[in-house]
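Note sheet for the following structure.
Quick note: the coordinates plus some simple rules give every number you see, no bench work behind them. Fair warning: this is a prediction, and the values are worked out from it, not measured in the lab. Cβ sites come from the backbone with ideal geometry, for glycine too, and all protein chains shown count toward neighbours.
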Amino acid sequence: MSKDFESEEFGLADLQSFPESHEELNTSMAEPFSKILNNVKTIKGPTTRHILTTVCTSECELLKKERIGEVDETKPPKVILLVGETGNGKTALINAMVNYIMGVRWEHKIWMEVVEISEDQSNSQTSVVTVYEVFPQDSPFSLKIIDTPGFGETKGEVKDALIAEALQKLFRSEDGIREIDAVCLVLKATDSRLHERQLYILDEVLSLFGKDIEKYILMLITSVTEDVPKRALNLIKQSNIPCAKDKDGKPVYFKFDNCQSERYEEEDRERYKSSWDNGIENFRKFFDYLNGLHPKSLDMTECVLRTRKQLDACVNNLKDRIKLAELRQTELEQTEVAVKEYEKDQKQKNFQYEVDEPYKDLLKILSPWWYLSKHATRCTECEENCHYPGCWWVKDLSWCSVMSKEGKCTVCTGKCHYTKHVKDDKIYEIKTRKVTKTDKDLKGKYEHYEENKSLMSKLNNEMEKIKEEKIRLVEECYQCLEKLIENALKSTSMSCFIHLDFMIDKVKETGKPERVQKLKELKQKAEEENPGLIRIAWKYVKHNVCKM
């Protein structure tokens, strides 16, 4: 940020003379902010707290926007995404950042809170992904702070895991965010380790981004009482967290003590002045650093979001199609037995045989009451489930993650146009039923083959086609995984890891040992980079959370 930020150009009045009483002082000092402090909740004290009134736009159950100040489209936004564990001081940091950008200083004897600080800081103040859009009157830019629910959110694992889904909506919606200035991981100076579930959610959030976002990942360390927060820095190193590095290869971090928002008596107020001054200086360094970076386009990240969704949808669809192919193969094997018997004596009358015939049944989705996505995108032409759980926020199916830019599905057999798809609360389920057939059924089934071929030869041809189809399906999944590895910041995320065993088995069947070896190495890398996360990943799979 420019050094002029603390001058009159940014609305800081000349602070030479002060009223004598504290009440007069608070009133006088609040005058530069009178517009924004109109009709707000006020808590009197040595430093008067103002709980700001925001204009709230509820996007959906897990995403909302809150605006502070009058919209000014001429001011380019600084966009900052905050990710952190419950209790790490993320809420206090957001408030401090807003006060800094608004020009609030020690002498004003006021403190603004976008999010009211509760007495109990053990629970997350944020239950949804919230975008705070701040429009300071005298700043050359506006500020967008994307606040995510805390990792340790005690309200349930499901909302934790759906953070990524809400962020995807934010990045992809028409009025969404196209560029980002920083992805900030908020850590406490006293932290020495992240718990498994916290690591899992962090892994999932970081896995949303493209490789080009790494140097935009910054560490914001709170509750710092020492010059170098060694514990937190060791945690970053041990957790293999990708982030921006300085010229010496060390993580780029900014430290804050978060004391500005603490409540204190008048006689203690002077003891906090150094905390304010340090906070101002640290935010100045932070925004100066951001000014040295060009905002990063989220194009590659958007590609990663789509590819990750497509891989997940492709694998799930592949499993259905392989199941159907294998059931058809069983039916053909049963038919083969009947053909051999029939070819022994084609003159026998009333020839009958029984097979397990596969079919698709359209059923209502039965999902837990707490599960957000109760709809699926399915192709009515191919009669296939293309995306389940689907993009719960998408109304126009051309925006569904599994649709290409040309509007065609990347998942279903026919790669059909999105207009051939529907999104509702039903999915196709593959079942089998016992069916009795006759020699007429047998002849009718294969009459389209050349007349000079035996029924057995025709049957073998159909079996070969099923095998070829399975190979083609596996190839589609593998190519999707390759694309993800090429672009993703974390190609070995847990949402990717859960598919690897399935992919290894199926690629092995295609007879490509070099690919099998590559997948095994990727699995080994995931296990080494994410120690202890494998168990928690399968726990999420069990609850159908990883299929976002």
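Here are some notes:
- Additional length obtainable on full extension of the chain from Glu73 to Asn240, 0.36 nm per residue less Cα span: 56.2 nm
- Taking amide H as placed 1.01 Å from N in the peptide plane, Val79 has its amide H under 5 Å from the amide H of Lys144, Asp181, Ala182, each at least 5 places away in sequence or on another chain.
- Packing-based exposure ordering (other Cβ within 10 Å, fewest first) of Ile51, Ile94: Ile51, Ile94
- Ranked Phe33, Phe256, Phe502, criterion: other C-beta atoms within 10 Å, fewest first: Phe502, Phe33, Phe256
- With both labels modelled 7 Å from their Cα along Cα-to-Cβ, the Asp138 to Lys323 distance reads 6.5 nm.
- Listed peptides 128-135, 78-85 appear in the order 78-85, 128-135 once ranked by packing, highest mean of other Cβ atoms within 10 Å at the front.
- Cβ-derived FRET efficiency at R0 25 Å, Ser457 paired with Lys349, nearest 0.05: 0.50
- Given their separation in residues at 0.36 nm each and the Cα-Cα distance between them, Trp399 and Ile466 gain 20.9 nm when the chain is fully extended.
- Interchain or long-range residues, amide H under 5 Å from Asp424's placed H: Ala376, Arg378
- Each of His294, His387, His421, His195 was scored by other Cβ atoms within 10 Å of its Cβ. Arranged with the fewest first, they read His294, His195, His421, His387.
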